[in-house]
Structure formats: C-alpha cells, structure tokens
Amino acid sequence: MEHRPHIGIIGEGPVGTALAEGLRRAGYEVETSGHDSERVERVAAASDTIILAVPHAERKNVVKEMGKDHRGKKIIDVSNAVGPEMSFAGNPRKSSAEELQGWLLDAKVVKAFNTVFARDMTEGRIEGEPRAALVAGDDPAARQQVKELAPAIGFPPADAGPLENARWLEAPGYLNLRMAYQDPKVGPDFGFKLLSHHHGA
C-alpha cells in the first residue's frame, strides 16, 4: 500500500476547511489548526506536509509558531498577496512563496491552489468542469507530491516549474479576486482551466 503523507493544515477559514474536506474525502489523514499557537506547533510537528491556508499578513506569525518543526517538510503555500481594501500586497520581483522559502530555509516550499476560490477547493470543479491546479516549487519530489494531491481532490495538475514562477501564479490569483469582488455581477463562479493537445500537462 502506498504511503500517503499526513497533512497538516494551518488555517481553519474557508480555504483550509475546503482543502481539509477534499483531502479527507480522498483518503488522506488531515489535522487542522486555527489561531492556537500551541496547536499550530503540534500540527506542524505531526505532519509530513503542511498547508499554509492563512491570510498573507499572518504568514510570518505562523512561521514563528511552527518553530523548528518545518525542517525537511513540504510546505504548500496557498495564499494570495491581498492587502486592505483589495490592494496588492505582493512584489512582482519576488513572490510570497519565495519570501516564505527564505524564512523556511530547511523546508521545501511549493505554491499551489492559490488560483482557485475556496468554494471550489473541495472538489476542484465548477458545475462539473475541472479547475487547473498550477504547481510551482524548486524541489522536484515536493512538486510531484502536490501534483498527486491535486487529482486526488479533483484538480488536473499542471507543472508550473521552479518556485520563481510562483510570482506569475500569484498574479492570476490576485486577478481572480479583483474580477470576482470588484464587480458584484461576476462573483466567484469562475476559474482557470488549462486546455492542451497533450494529456497530463
């Protein structure tokens, strides 16, 4: 029987809750933690893979709460750089995921799931149509594991290359939010889908 990683999700908001539901349905063992710093540390210590599903501004606090329990682990960053009043809080020259990797030098950071709204993360679909899970990271094994997590939930995965490319994943993630919430006629009932002549992009 294949080894399935124990998943720890830091963040119990809509994103963390939806991913936890999808992963549990797919047969993964999942633990979650909200704002309790002691539980954050416990969940991080017990998990092979840690999903950071917290607001952009909270990431550094969570990194401190995890302590040294991130070493050698895969960290999946699903955040988007959104500031007050839907402003862009990121940096086009350095993605939030690259910044996170700088804080967690001994971990393997992967950017994924940030281009999908929370409401679609449980199954990876809108009206039966699959949304793409774009995955970027410098460690090939970590990137591959996330590419296996994605279809277990329902997302067709797409390899977006090294972590440097996360800056270009964060741009459409932010565009998603602007399109959905600046115009009340649009809302979050849409998403990105990759079309290709080749299967298994």
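The values are calculated or read from the model by the stated rules, or taken from the named source; none is laboratory data. Note that the structure is a prediction, hence the values are computed from the model and not measured. Cβ atoms come from the backbone with ideal geometry, glycine included; neighbour counts cover every protein chain shown.
Below, the figures for the structure above:
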| item | result |
| --- | --- |
| Segment 24-48, subset out of contact with any helix residue (DSSP H, G or I) (no Cβ under 7 Å at 6 or more places or on another chain) and not in a loop (DSSP other than H, G, I, E, B), residue surrounded by the fewest Cβ atoms within 10 Å (Cβ to Cβ) | E38 |
| Condition check for E21: part of a loop (DSSP other than H, G, I, E, B) and under 18 Å from the mean Cα position of the chain (by Cα) | no |
| Residues that are more than 14 Å from the chain's Cα centre (by Cα) and either of a type in the set (S, T, N, Q) or buried (at least 20 other Cβ atoms within 10 Å of the Cβ) (or both), drawn from segment 145-185 | N165, N176, Q182 |
| Subset of segment 6-18 (residues that are out of contact with any Phe, Trp or Tyr (no Cβ under 7 Å at 6 or more places or on another chain) and crowded, with 16+ Cβ neighbours inside 10 Å) | G8, I9, I10, G11, E12, V15, G16, T17, A18 |
| Filter result (within 16 Å of L149 (Cα to Cα) and polar (S, T, N, Q)) within segment 72-114 | N114 |
| Of all residues in segment 64-80 being touching a helix residue (DSSP H, G or I) at 6+ places or on another chain (Cβ under 6 Å) and more than 18 Å from A112 (Cα to Cα), the one that is surrounded by the most Cβ atoms within 10 Å (Cβ to Cβ) | M66 |
| Residue, nearest to the chain's Cα centre (by Cα), within segment 49-79, restricted to residues that are within 13 Å of G34 (Cα to Cα) and assigned to a helix (DSSP H, G or I) | R59 |
| Single condition E98 does not satisfy, out of (1) buried (at least 21 other Cβ atoms within 10 Å of the Cβ); (2) modelled with pLDDT under 95 | (2) |
| Residues of segment 176-199 satisfying the condition of being of a type in the set (S, T, Y) and at pLDDT below 70 | S196 |
| Test: residue in segment 84-94 that is farther than 22 Å from D139 by Cα, without any contact (Cβ under 8 Å) to a residue 60 or more places away in the chain and in a helix (DSSP H, G or I) | yes |
| Residue in segment 101-113 that is more than 26 Å from H6 (Cβ to Cβ), touching a residue at least 24 places away in the same chain (Cβ under 8 Å) and assigned to a helix (DSSP H, G or I) present | no |
